[in-house]
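Report on the structure given below.
Computed from the coordinates by the stated procedures, all read-outs in this text should not be read as laboratory data. Quick caveat: nothing in here was measured; it's all calculated off a predicted structure. So basically every Cβ, Gly included, is an ideal-geometry build from the backbone, and we count neighbours across all protein chains shown.
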Amino acid sequence: MTKLHKIRSSNIIHNGFYQIQEDLIEHSNGSLHTYTQLLLPSDAAVILAQDQEGKFILNYEYRYPTKQFLLGCPGGLLEKNEDPILGGQRELLEETGYFAEEIYLAGYAYPFPGVCNQKIYYLFAKNAINRGKQNLDPLEIIEIQLKTYEELKIAIRTQTNIDAILCSALWFKENFS
């Protein structure tokens, strides 16, 4: 096995909702390099939920870094020691007003491991029912969209603004449900 690098120094260069850490690392050959990484406060859960008619309950959410609305799954950061299934259920209710009891964990992945430490848990739910209004965070701007599987595939094929996490969720659904 290849010998890993040594960390010579480590500094937090931004501390806010997330941290940016800059490390000086020494490779096994002795060369020194700076490595910058994004440290998020926790892992996240996303939920690809279907209502009682089988339509997907999706967020059409304004994402400030892109300055656009993107189609994606409800989801968000997990609270400290929160079970991913309960976190996904909570996020579904907060962001969409829908509630589901039939939820299962399909897997997890690291969406941006070259820069970020976050793990995302992918959940699926069936027979979600609308329980009322959204309970959004102050900076969340989310419109709910219900789409059939065919409508969702068309949106992806026609390059509608799609959150890549939604594409990963669909892959997990197609391969592990």
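Of the listed requirements (1) free of Cβ contacts under 8 Å to residues at least 40 places away in the same chain; (2) over 15 Å from the mean Cα position of the chain (by Cα), E79 misses just one: (2). Annotation note: Cβ proximity below 9 Å between a residue of segment 58-76 that is touching a residue at least 40 places away in the same chain (Cβ under 8 Å) and under 10 Å from I47 (Cα atoms) and a residue that is part of a loop (DSSP other than H, G, I, E, B) and of a type outside the set (D, E, K, R) (sequence gap 6+ or interchain) occurs for L58/C73; L58/P74.
On the stretch given as segment 39-78, residues that are in contact with a Leu (Cβ under 9 Å, 6 or more places away or on another chain), in a loop (DSSP other than H, G, I, E, B) and not hydrophobic (A, V, I, L, M, F, W, C) total 6.
Summed over segment 118-133, the residues that are surrounded by 14 or more Cβ atoms within 10 Å (Cβ to Cβ) and touching a Leu at 6+ places or on another chain (Cβ under 9 Å) give a count of 7.
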